[in-house]
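The values are calculated or read from the model by the stated rules, or taken from the named source; none is laboratory data. All values reported here derive from a predicted model rather than from experimental measurement. Reconstructed Cβ throughout: ideal geometry from the backbone, glycine too, with neighbour counts over all protein chains shown. Remember, those area values only see protein heavy atoms, side chains included, never the ligands or the DNA or RNA. Shrake-Rupley method; radii C 1.70, N 1.55, O 1.52, S 1.80 Å.
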Amino acid sequence: MTDTERVRPETIRAVPVRHPGRWVAAAVIVVLAAMLVSNVVTNANYNWAEQWKYFFSPPVLNGVRNTIWLTIAAMLGGVSLGIVLALMRLSPNPLMRGASWLYLWVFRGTPLYTQLLIWGNIGALFPQFGIGIPFGPEFVTWPTNALYSAALMAALGLILNEAAYMAEIIRAGILSVDPGQQEAAQALGMTRMHTMRRIVLPQAMRVIVPPTGNEAISMLKNTSLVAAIPYLELTFTAQTIYASTYQVIPMLIMACIWYLILSSIMMVGQFYIERYYAKGSHPGGGRVRFIGGTA
């Protein structure tokens with residue numbers, strides 16, 4: 001070995017890559033955050049005392065309760081009807097597929113606010129509701145306006161709209177399951193509905209749950225649109241208060257704070273539900289979950 005070969009190479013001096021853009025972006029964010037905090041603290045137009053005065057008042061708490069139960073009712077009804085619509089979309093019967101597609105086309109293609117306006121004025125479209133023979137005489141009739149309330153129409157409008165979106169989410173989850181499992185179940189003599197309930201849907205939940213959680217949080221905020229009916233949910237309650245106090249911005253910000261509290265609670269629940277259904281889907285995700293048990 002020669003002397004040249006014995007010479008060690010010089011130590012490499014690694015120079016960190018400069019990222020001036022990151023520092024500029026961080027500085028801009030810090031300045032904007034400081035401006036926001038300063039505005040919140042010094043701007044008297046927020047009128048925090050007025051917000052605190054009404055934050056736990058009976059009308060506002062009633063609006064919060066109405067918002068919560070509307071969200072729960074809309075999601076339960078939307079998921080239930082969405083499962084039916086998704087199975088209809090996947091049915092080999094062309095009539096059922098067509099009916100499901102038409103439903104989704106109408107309710108996904110029109111604004112929710114407009115739909116709620118129609119439901120709030122449904123009595124103008126159908127003045128009477130009757131029971132009788134189709135295309136024939138009616139035996140009993142009632143005035144339509146006497147058969148429904150604002151709460152019922154608000155829940156119905158949200159359920160029918162949400163079902164159209166949940167149907168596509170559930171259909172995507174069902175299609176994510178290997179078709180070979182359905183074929184194996186049919187070979188064992190299981191019916192199509194039994195296969196869906198016991199094999200396909202439990203596995204599809206990993207795909208269905210994340211967007212369903214997002215839909216639930218969106219529904220919490222969409223309940224504010226039932227003011228079109230009108231119904232005393234949180235936003236409409238805030239509107240009724242500032243109609244007499246003229247404190248528009250404070251009341252709307254108070255409503256936003258309530259929405260943030262409720263949506264934050266839902267986000268925490270969504271995190272744990274997603275983590276539960278993600279078990280076994282990636283390394284370190286927990287035990288692998290099988291139909292009928294764990295391993």
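Observations on the model:
- Yes/no for TYR259 being open to solvent by less than 40 Å² (accessible area, probe 1.4 Å), under 25 Å from ASN66 (Cα atoms) and in a loop (DSSP other than H, G, I, E, B): no
- Residue within the range 156-167 that is free of Cβ contacts under 8 Å to residues at least 24 places away in the same chain, open to solvent by 30 Å² or more (accessible area, probe 1.4 Å) and either aliphatic (A, V, I, L, M) or in a helix (DSSP H, G or I) (or both) present: no
- For the range 189-206, the candidate set comprises residues that are in a helix (DSSP H, G or I) and open to solvent by less than 50 Å² (accessible area, probe 1.4 Å); within that set, the residue that is farthest from TYR276 (Cα to Cα) is THR195.
- Whichever residue in the range 35-93 is surrounded by fewer than 18 Cβ atoms within 10 Å (Cβ to Cβ) and aromatic (Phe, Trp, Tyr) and, among such residues, is nearest to GLU215 (Cα to Cα): TRP69
- Single residue of the range 107-117 satisfying the filter (more than 17 Å from ARG171 (Cα to Cα) and in contact (Cβ under 8 Å) with a residue 24 or more places away in the chain) that is most open to solvent (accessible area, probe 1.4 Å): TYR113
- All of GLN270, GLN182 fail the test of being at pLDDT 80 or above, buried (at least 17 other Cβ atoms within 10 Å of the Cβ) and assigned to a helix (DSSP H, G or I), apart from GLN270.
- Checked against the criteria, GLU183 does not count as of a type in the set (D, E, K, R) and touching a residue at least 24 places away in the same chain (Cβ under 8 Å).
- Some residue of the range 235-254 being in contact (Cβ under 8 Å) with a residue 24 or more places away in the chain and within 14 Å of the chain's Cα centre (by Cα): no
- Output for the range 94-104, where each listed residue is open to solvent by 50 Å² or more (accessible area, probe 1.4 Å) and either under 17 Å from ALA172 (Cβ atoms) or of a type in the set (Asp, Glu) (or both): ARG97, TRP101
- Residues being surrounded by 10 or more Cβ atoms within 10 Å (Cβ to Cβ), more than 22 Å from GLN115 (Cβ to Cβ) and either touching a residue at least 40 places away in the same chain (Cβ under 8 Å) or within 39 Å of the chain's Cα centre (by Cα) (or both) - total across the range 129-145: 5
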